[in-house]
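Just so you know, all these numbers are worked out from the coordinates, no wet-lab data involved. Everything quoted here is computed from the prediction, not taken from an experiment. All Cβ positions, glycine included, derive from the backbone under ideal geometry; neighbour counts span all protein chains shown.
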Amino acid sequence: PRPNIVLILSDDHSYPHLGCYQNPDIHTPNLDGLAAAGLRCDRAYVGCPQCVPSRATLMTGRSAVGLGMTRFTAPLPREVVTLPELLREAGYFTGIAGRTFHLDGSGKQPPESDEVLVANGLRTFDKRVDFLRQGSMLPQFQEFLGALPADRPFFLWLNSSDPHRPLDDNNIPQPHDPSKLTLPVHYPDTPLVREDFARYYNEINRLDGHVGEVLKSLDQRGLAGNTLVVFMGDNGSSQLRGKGTLYEFGIHVPLLLRWPQVIKAGTATTELLSGEDLAPTLLAAAGVAAPPTMTGRSFLPLLRGESYTPRTELFAERGAHGGGLPTNSANFDLGRAVVTPTHKLIYNALWHLPYTPVDFGNDPFWKDLQAQHAAGKLPAELSQVYFRPQRPMFELYDLAADPREFNNLAGKPECQAIEHDLKSRLQRWMILERDYLPLPIPPKR
């Protein structure tokens, strides 16, 4: 029989922040169990480090650049066909529930925008799925299960609000001890940084409890055996060099899949997987052909333990964030990245703008880091990373040798060949996707 599909998205969640990724500090027993019963993907990347364009990519199997979805407040064009629509055409009962799904024009729109969206019928998702709710994830999950037809498989996209900022205090019975955490390798070690990072872990633990309730309900209703459960981060965490950036914390996310009788329990893969690949993979699992417009590629053979031709590269973009004016690089930035099994090239088109963090620019721990930098108390290496007045136009990193992404190899003679290779790959992708940014390799004068 065709599988039911439940896609659970966490909100602002970077790899490797689950216990199953050999992270002993964080307590995530339900997600660890999901990984133990299925496939853990160690090198899954989203197409964008922000929720709107990333989710557009996940739902369409196409890049945000190709879709024209790089402006954060844009609604997905009606003519673009989505994963749930294709599944519904094939007989699936389809739904979206939980935190806002972001694709009908995200965020609080001014009345001038609302008027345009309404007058032109640009909010379309109530016509794309059978069941559409926004709000509390678990009650709406139960409502969806209660509405299921007896004779149809189902697809549900279930959106969590964790661990999105603001990070709550005391949100779990046994919070993580800030003093006992191993901070990420690129972090300054201050008490406020530790406290903030512990709250992030606490929200992931709360999310884990919610996932446990979902899995328990599937089991109690006798649905677990024929349900493909997918858990993924929608983009990287709102942490240092995370959300809004093309560094690893911005685009490298957790991805777990469980499908009893199909996916061998306890398996893992280090193959490169793109957010564009999710829709064609889920369509293939349901026996539905992906349309030729999808640029992602199915990794169903990996789920089945069959021969799989690995990706040699994937791409990501950074555009506007939120609906504000372009006052800093948090609100507006333009960047592209290409990732290979060994390296990453980042192209900062707005290189003259300094790094401004997304969603925590006014938080105490960041204000404290700013004060330490101004007083000359922050290590010089970290001051250079977080507070330099301009960024390089190109950044090239050996991801295995330099997991912090601190040692920029761009422009170094010994790395000229790899830099040109990655620029050439990015050039080709930008041309084919009809990207509006200047190409990384200009004409020779």
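Values computed for the structure shown
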item	result
Entries in 127/344; 412/444; 180/367; 216/367 that, when Cα-Cα distance is taken, lie over 31 Å	127/344; 216/367
Residue-averaged 222 nm ellipticity for the chain, from DSSP H runs of 4+ at -39500 (n - 2.57), nearest 500	-9000 deg cm²/dmol
Inter-site label distance for residue 408 and residue 195 at 7 Å from Cα along Cβ, in nm	3.3
In degrees, nearest ten, helix 191-220 long axis to first principal axis of the chain (Cα)	10
Gyration tensor verdict on region 193-304 (Cα atoms; rounded if a/c is under 1.5, prolate if a/b is larger than b/c, oblate otherwise)	oblate
Tilt relative to the chain, helix 51-60 - C-alpha long axis, 0 to 90 degrees, to 10	50
In sequence order, calculated HN-Hα J values of region 315-327 (Karplus, 6.51, -1.76, 1.60; Hz; x Gly/Pro)	10, 9, 10, 10, x, 5, 10, x, x, x, 6, x, 8
Residues in region 72-88 reached by a label modelled at residue 117 [backbone nitrogen below 14 Å; 7 Å Cα→Cβ]	72-78
Relative contact order computed over region 370-445 (Cα-Cα under 8 Å; 6+ residues apart), in percent	16
Positive-pole candidate from 157, 247, 184, dipole of region 118-272, charges at beta carbon	157
Highest-fluctuation residue, 401, 265, 337 considered, GNM on the chain with Cα pairs under 10 Å	401
Likely footprinting exposure, 99, 62, 55, fewest C-beta neighbours within 10 Å first	99, 62, 55
Whether region 311-434 is rounded, prolate or oblate, judged on the alpha carbon gyration tensor where a/c under 1.5 counts as rounded	oblate
Residue-wise HN-Hα coupling along region 264-271, computed from phi with Karplus coefficients 6.51, -1.76, 1.60 (Hz; x: Gly, Pro)	5, 4, x, 9, 8, 9, 10, 5
Radius 14 Å from Cβ of residue 441, net charge of other residues (Lys, Arg +1; Asp, Glu -1)	+3
Percent RCO, i.e. relative contact order, over region 4-306, from Cα pairs under 8 Å lying at least 6 residues apart	35
Antiparallel bridge percentage (DSSP; both residues within region 4-306; nearest 5)	30
Debye, to nearest 20: dipole size of region 35-101, +1 on Lys, Arg Cβ, -1 on Asp, Glu Cβ	180
Furthest towards positive pole of dipole, 342, 106, 401, structure part the chain, Cβ charges	342
Protection proxy ranking, peptides 379-392, 427-440, average beta carbon neighbours within 10 Å, highest first	427-440, 379-392
Centre separation in Å (Cα based) which lies between region 87-103 and region 106-185	12
Relative packing of peptides 83-96, 304-317 - highest average C-beta neighbours within 10 Å first	83-96, 304-317
Dipole magnitude of region 186-282 about its Cα centre (Cβ charges: Lys, Arg +1; Asp, Glu -1), debye to nearest 20	240
Taking region 345-406 and dividing mean pair separation by its residue count, relative contact order in percent (alpha carbons under 8 Å, at least six apart)	55
Gyration tensor (alpha-carbon) shape descriptor, region 53-175, a/c threshold 1.5	oblate
Charged-residue dipole, Cβ positions (Lys, Arg, Asp, Glu), the chain about Cα centre, Debye nearest 20	840
In order through region 352-357: 3J(HN,Hα) via Karplus (6.51 cos²θ - 1.76 cosθ + 1.60), integer Hz, x for Gly, Pro	6, 8, x, 5, 10, x
Residue with peak Gaussian network fluctuation, the chain [Cα springs, cutoff 10 Å], from 44, 289, 36	289
